[in-house]
1. Write out the chymotrypsin sites (Phe, Trp or Tyr not before Pro) in the range 377-436 meeting two conditions: DSSP loop, and at most 16 other Cβ atoms within 10 Å of their Cβ.
2. If you take every DSSP beta bridge fully contained in the chain, what fraction is antiparallel? Give it as a percent rounded to 5.
3. What residues from the range 342-361 fall in the zone where the backbone N is under 18 Å from a label point 7 Å along the Cα-to-C-beta line of residue 320?
4. What span do the alpha-carbon atoms of the chain cover on each of the three principal axes, reported in whole Å from largest to smallest?
5. Would you mind checking which residues have amide H under 5 Å from residue 413's amide H? H placed 1.01 Å from N; only 5 or more apart, or other chain.
6. In the chain, if the dipole is taken from +1 on Lys/Arg beta carbons and -1 on Asp/Glu beta carbons about the Cα centre, which of 19, 376, 265 is farthest to the positive end?
7. Quick one: in the range 249-323, what % of C-alpha pairs are over 14 Å apart?
8. Let's see if you can work this out: charge +1 on each Lys and Arg Cβ, -1 on each Asp and Glu Cβ, no other charges. What is the dipole magnitude of the range 2-110 about its Cα centre, in debye to the nearest 20?
Amino acid sequence: MQVSVESTSALERRMTVGVSVERIETEVNKRLQQTARRAKVPGFRPGKVPMSVIRQRYEDAARQEALGDLIQSTFYEAVVEQKLNPAGAPAVEPKSFEKGKDLEYVATFEVFPEFTVGGFEAIAIERLQADVADADVDNMLEILRKQNTRFEAAERAAENGDQLNIDFVGKIDGETFAGGSAKGTQLVLGSGRMIPGFEDALVGAKAGEERVINPTFPADYQNLDLAGKTAEFTVTVNSIAAPQLPELNDDFFALFGVKEGGLDGFRAEVRKNMERELRQAIKSKIKNQVMDGLLAANPIEVPKALISNEVDRLRVQAVQQFGGNLKPDQLPAELFEEQAKRRVVLGLVVAEVVKQCELKPDDARVREMIQEMASAYQEPEQVVAWYYKNDQQMNEVRSVVLEEQVVDTVLQKANVTDKAVSYEEAVKPVEAPQAA
């Protein structure tokens, strides 16, 4: 087998492979002999068909099969011999494909980039420091109460926070429009569910009252036919219900699985959950900064094939998440290319950190993570046992732990500054950057 390799770009390789006619004929004959043992030809007993007849009937198919298999097998032999690491399937173009002659073909493919990860010292990390204060727990109790608000009929004018049952008909320039009318809709005033001005105009209304209101659709409204236009809504208020917050009692605590300890026991359980959320939020923000730093310090070119594969995965995820009748390939690739490239680059960089630093998942940390996740359930021991019986789940946990070890490795050399913040600031999600 003869092999020559040409670099056509930083990552693309054009490899020419020559396979001797002797090897081709050996493979063809091997397939013909296999065919001869099972072929059924009229006038001959199975296994007794003359090779000349077998060759006449089956040689073309055997040759095509042999050539296809030889291209596949010799390609992998060649990349091993040349110490190449393909990042995707090759595009194969035969150069010489004639019977009785050597086979020569050209395989064009991309390879994984070769690089060394560095620049840890230049990565700046802001590590948040926070505690769960009593006031934070008090605030969380109020949030939980509001989330479990009941509404009771009220014989008064509507106020912000009330739940109204309404019918409405919307028109623009005297014509109704799609989605502009409904009956029996439940609407909490002040929730921001409707377009600006709609809910405000119903404050002070009474049950049985009809109001005509004229809110304006935002200029950036998702339906471009309505964006920026002023509509006329005729709204009938069917009923008004006032919010009633539940009392902090045993019935309320039982909604969250706390059946003992009264208010003190419930507060302790809420604090424990908040502390777990706090740890996870701080850890997540540190990890994001580390990953951003690794990307900035290690710009690499990545194979287009890997990005394309990641785009396909993101398309499938989008369809699964949002449903509808769309097929993944109907979503424009451009929507996912930036995210896909980030994922691919980050995956390669993190893998190289693992390789360079010879990291392996720490068994103690794996168990600690499983116990942390299990602590959110009523029977944590069963959850832990389930993880250890499920290889796929265990591998996912090991991958997360390995990423955490990568983060720890970078933090040892990075420029880390501690910053004391409130609980609210620590758990607040990081806002995505606005598009220009």
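Only the coordinates and a few stated rules stand behind these numbers; no lab work does. Keep in mind that this is a model prediction, so the values were computed, not measured. Every residue, glycine as well, gets a Cβ built from its backbone with ideal geometry; the counts of neighbours run over all protein chains shown.
1. Answer by residue number: 377.
2. Taking every DSSP beta bridge within the chain, about 90 percent pair in antiparallel fashion.
3. 343-344, by backbone N distance to the label point.
4. On the principal axes, the chain reaches 101, 61, 50 Å in Cα extent.
5. For residue 413, no residues qualify.
6. The residue sitting farthest along the positive end of the dipole is 19.
7. I get 77 percent for the Cα pairs in the range 249-323 exceeding 14 Å.
8. Around 900 debye, computed over the range 2-110.
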